[in-house]
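J.: Structure below; questions to follow.
The values are calculated or read from the model by the stated rules, or taken from the named source; none is laboratory data. As the structure is a computational prediction, the values presented were derived from the model and not from experiment. Reconstructed Cβ throughout: ideal geometry from the backbone, glycine too, with neighbour counts over all protein chains shown. The area values use the complete protein model at the heavy-atom level, side chains included, leaving out ligands, DNA and RNA. Shrake-Rupley method; radii C 1.70, N 1.55, O 1.52, S 1.80 Å.
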Amino acid sequence: MKPVKILMVCLGNICRSPLAEGLLASKLPKDKFIVDSAGTGHWHVGKQPDQRSIATAQKNGLDISKQKGRQFTADDFNSADYIYVMDGENYKDVISLAQTDEQRNKVKLILDELFPGEKVDVPDPYFGMENGFTTVYQMLDQACDIIAGKLIKKHS
């Protein structure tokens, strides 16, 4: 049986989605699930996550330093079983590339796991203060706990 693939998406693929990728991957059995991340923009393709994301992850026992930024493409709908986006703009950008209802149904706002139907965005910490990364980490950690529980239950 092929592993279930989950894709985390934000704008640049250097702050929020790398943290979400690292968090969710740490909560799932590696033989059954693959977690990846991408950005809707192209500015950071091939680059490491933001140093503040790397530091925040390390403080919490995760190493995301080997991740490399990449851009979301329409092909991701074919390889990913689930696509979690960090905010409403990312949602619009990803959905605009979807060609079928099946593809559109794969895309969810990640914080809908914590706040169903409220359309809450994960704030982008890039231009904010240092503690923004800690806040984002905590939000994503809670959401990923819920996602991991649902995925393990559904795919075990």
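J.: Tell me, yes or no, whether the stretch 100-112 has at least one residue that is hydroxyl-bearing (Ser, Thr, Tyr), outside any strand (DSSP E or B) and either touching an Asp or Glu at 6+ places or on another chain (Cβ under 9 Å) or in contact (Cβ under 8 Å) with a residue 24 or more places away in the chain (or both). It would help to see each step written out before you state the result.
T.: Step one: filter the stretch 100-112 for residues hydroxyl-bearing (Ser, Thr, Tyr), giving 100.
Those still in the list that are outside any strand (DSSP E or B) too: 100.
Restricting the remaining residues to those that are either touching an Asp or Glu at 6+ places or on another chain (Cβ under 9 Å) or in contact (Cβ under 8 Å) with a residue 24 or more places away in the chain (or both) gives none.
No - not one qualifying residue is present in the stretch 100-112.
J.: Let me ask something else about it. Checking the conditions here, which among Gln142, Gln71, Gln51, Gln99 is touching a Ser or Thr at 6+ places or on another chain (Cβ under 8 Å) and not aromatic (Phe, Trp, Tyr)? Give the steps one after another, and end with the answer.
T.: Working: Gln142 fails: touching a Ser or Thr at 6+ places or on another chain (Cβ under 8 Å); Gln51 fails: touching a Ser or Thr at 6+ places or on another chain (Cβ under 8 Å); Gln99 fails: touching a Ser or Thr at 6+ places or on another chain (Cβ under 8 Å).
Only one candidate qualifies: Gln71.
J.: For the stretch 8-46, which residues satisfy the criterion of being in contact with a Lys or Arg (Cβ under 7 Å, 6 or more places away or on another chain) and in a loop (DSSP other than H, G, I, E, B)?
T.: Asn13, Ile14, Val45, Gly46 - these are the residues of the stretch 8-46 that are in contact with a Lys or Arg (Cβ under 7 Å, 6 or more places away or on another chain) and in a loop (DSSP other than H, G, I, E, B).
J.: Look at Val122 and say whether it is in a helix (DSSP H, G or I), open to solvent by less than 80 Å² (accessible area, probe 1.4 Å) and of a type outside the set (S, T, N, Q).
T.: Details: in a helix (DSSP H, G or I): no; open to solvent by less than 80 Å² (accessible area, probe 1.4 Å): yes; of a type outside the set (S, T, N, Q): yes.
In short, no.
J.: Could you tell me whether any residue of the stretch 57-71 is of a type in the set (Ser, Thr, Tyr), in contact with a Cys (Cβ under 7 Å, 6 or more places away or on another chain) and either part of a loop (DSSP other than H, G, I, E, B) or under 22 Å from Lys2 (Cβ atoms) (or both)? Walk me through how you get there before you give the answer.
T.: Within the stretch 57-71, the subset of a type in the set (Ser, Thr, Tyr) is 65.
Then keep just the ones that are in contact with a Cys (Cβ under 7 Å, 6 or more places away or on another chain); that gives none.
No, every residue in the stretch 57-71 fails to be of a type in the set (Ser, Thr, Tyr), in contact with a Cys (Cβ under 7 Å, 6 or more places away or on another chain) and either part of a loop (DSSP other than H, G, I, E, B) or under 22 Å from Lys2 (Cβ atoms) (or both).
J.: On to the next question. Scan the stretch 50-79 for residues that are over 18 Å from Ser26 (Cα atoms) and either surrounded by fewer than 12 Cβ atoms within 10 Å (Cβ to Cβ) or not charged (D, E, K, R) (or both) and jot them down.
T.: From the stretch 50-79, those over 18 Å from Ser26 (Cα atoms) are 50-52, 69-79; that's our starting set.
Residues satisfying the conditions are Gln51, Gly69, Gln71, Phe72, Thr73, Ala74, Asp75, Phe77, Asn78, Ser79.
J.: Looking only at residues in the stretch 14-38 that are out of contact with any Ser or Thr (no Cβ under 6 Å at 6 or more places or on another chain) and under 22 Å from Met129 (Cβ atoms), which one is surrounded by the most Cβ atoms within 10 Å (Cβ to Cβ)?
T.: Here the answer is Arg16.
J.: Separate question: Being within 17 Å of Val9 (Cβ to Cβ) and charged (D, E, K, R), is that true of even one residue in the stretch 143-151?
T.: no
J.: Across the stretch 125-144, what is the total count of residues that are in contact (Cβ under 8 Å) with a residue 24 or more places away in the chain and open to solvent by 50 Å² or more (accessible area, probe 1.4 Å)? Before the answer, list the steps.
T.: Filtering the stretch 125-144 for residues in contact (Cβ under 8 Å) with a residue 24 or more places away in the chain gives 125-126, 130, 133-134, 136-137, 139-144.
After this cut, where a residue has to be open to solvent by 50 Å² or more (accessible area, probe 1.4 Å) as well, the list is 126, 130, 134, 142.
So the answer is 4.
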